[in-house]
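Down below is the structure, laid out as structure tokens.
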Amino acid sequence: MKPGIKDVAKVAGVSPTTVSRVLNNRGYISEETRKKVYAAMEKIQYYPNEIARALLNNRTYFVGVIVPTVTSPFHGVIVEQIEYYLSEKNYKMLLCNSKNQLDTEKKYIDMLRRNQVDGMIVGTHNAVVEEYSSFHMPVVGIDRYLGENIPVVSCDNYEAGRLATRHLIERGCKKILCIRGDSRLRMPGNKRSQAYLDEMKKEGYEPLVLEVPFVKEYVEKQKLVYDMLNQHPEIDGVFAGDDSLAVIVLQIAKQKGIRIPEDLKVIGIDGTREVLQFVPELTTVQQPSNEIARVAVEKLIDLIEGKKVESCLNLPVRLLEGKTT
């Protein structure tokens with residue numbers, strides 16, 4: 001016979017009701033009692049019935065997470081951290097890679113709703129805002145505005161753009177190219193290029209902006225950047241909207257015989273450990289990916305529990321100076 005709640009209660013020296021309250025996180029339970037119950041569960045190898053728990057609490061304890069792709073260093077780290085913080089709260093994650101396809105994202109939205117997830121965390125780059133605004137479910141966006149009353153979590157994007165642009169200017173750059181994403185999307189990240197424009201105007205320098213949508217294939221991104229550098233050989237600094245774009249610039253510079261940082265200085269944004277392991281020389285503005293994930297999970301669970309939640313758009317960034325500037 002499989003052990004049950006009564007067996008756990010007997011070993012822990014508490015009532016079955018107390019065990020039930022611990023398992024369902026209901027009412028006040030002292031930390032000492034909680035530890036006794038979990039120790040008893042481990043001793044007799046008792047595993048709670050998740051289906052029964054979900055029915056009792058009217059929750060599935062599943063959260064849907066939709067990202068463009070986990071092959072993106074930033075999104076890969078974010079997903080890893082989200083899963084960790086969800087598990088700390090006894091939630092499980094259903095991960096969906098939209099592959100930058102609008103139809104795929106819509107199908108995932110439908111799938112997650114059919115599976116009655118308790119909420120969603122979304123960090124995609126497709127224009128499907130109306131989908132998230134049309135149904136009643138807790139949703140949190142990561143660096144993306146998804147509709148009215150949907151909270152968003154992001155770093156201080158304006159400060160990130162200011163730090164990057166100011167760093168290039170202080171290194172003597174005057175012809176600075178800003179590579180950014182699709183300006184048609186409503187994203188907090190748009191403030192990065194706004195900070196660039198403000199800093200260039202402050203110095204009396206002519207701005208130069210190239211849009212490279214995140215959803216484009218890698219080869220397409222390479223061509224856009226290659227053509228821009230060919231058309232403007234006077235460029236002496238590049239502020240790339242993310243580290244992947246910065247790496248593309250470094251690869252093209254190597255192909256063209258452009259010396260880094262003597263002829264061209266390059267700075268990115270993200271600062272994930274994956275990129276810095278392979279390109280340790282890269283100067284970048286590091287996003288607090290761990291904090292972004294933690295805050296996103298906290299805000300989603302607050303929404304699930306019926307609490308009022310505000311956006312958080314000012315998580316701190318920091319400059320990591322490498323050898324590309």
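Of Ile260, Ile301, Ile292, which residue is buried (at least 16 other Cβ atoms within 10 Å of the Cβ), β-branched (Val, Ile, Thr), part of a loop (DSSP other than H, G, I, E, B) and in contact (Cβ under 8 Å) with a residue 60 or more places away in the chain? Lay out the reasoning, then the answer.
On the way: Ile301 fails: part of a loop (DSSP other than H, G, I, E, B); Ile292 fails: part of a loop (DSSP other than H, G, I, E, B).
One residue alone meets the criteria, Ile260.
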One residue is enough: does the range 82-95 have a residue meeting the conditions buried (at least 20 other Cβ atoms within 10 Å of the Cβ) and part of a loop (DSSP other than H, G, I, E, B)?
yes
Of the candidates Lys191, Lys201, the one satisfying the condition of being modelled with pLDDT of 95 or more, basic (Lys, Arg), more than 25 Å from Gln101 (Cβ to Cβ) and exposed (fewer than 15 other Cβ atoms within 10 Å of the Cβ) is Lys201
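Look through the range 60-80, keep the residues that are surrounded by fewer than 18 Cβ atoms within 10 Å (Cβ to Cβ) and of a type outside the set (D, E, K, R), and return whichever of them is nearest to Leu245 (Cα to Cα).
Filtering the range 60-80 down to residues surrounded by fewer than 18 Cβ atoms within 10 Å (Cβ to Cβ) leaves 61, 69-71, 76, 80.
Filter once more, keeping what is of a type outside the set (D, E, K, R): 61, 69-71, 76.
Details: Tyr61: 37, Thr69: 16, Val70: 16, Thr71: 14, Gly76: 16 Å.
For the range 60-80, the residue satisfying everything is Thr71.
Being assigned to a strand (DSSP E or B) and either of a type in the set (Gly, Ala, Ser) or without any contact (Cβ under 8 Å) to a residue 40 or more places away in the chain (or both) narrows it down to one residue among Ser183, Ser193, Ser154; which is it? Explain how you work it out, then say what you get.
On the way: Ser183 fails: assigned to a strand (DSSP E or B); Ser193 fails: assigned to a strand (DSSP E or B).
The match here is Ser154.
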Residue set Tyr196, Tyr218, Tyr226, Tyr205; condition among the hydroxyl-bearing types (Ser, Thr, Tyr), farther than 20 Å from His167 by Cβ and over 21 Å from the mean Cα position of the chain (by Cα); output residue Tyr226
Residue match in the range 239-250 (condition: within 23 Å of Glu291 (Cα to Cα), part of a helix (DSSP H, G or I) and in contact with a helix residue (DSSP H, G or I) (Cβ under 6 Å, 6 or more places away or on another chain)):
yes
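The values are calculated or read from the model by the stated rules, or taken from the named source; none is laboratory data. None of these values were measured; they are calculated from a predicted model. Glycine also receives a Cβ, built like all others from the backbone with ideal geometry; neighbour counts cover every protein chain displayed.
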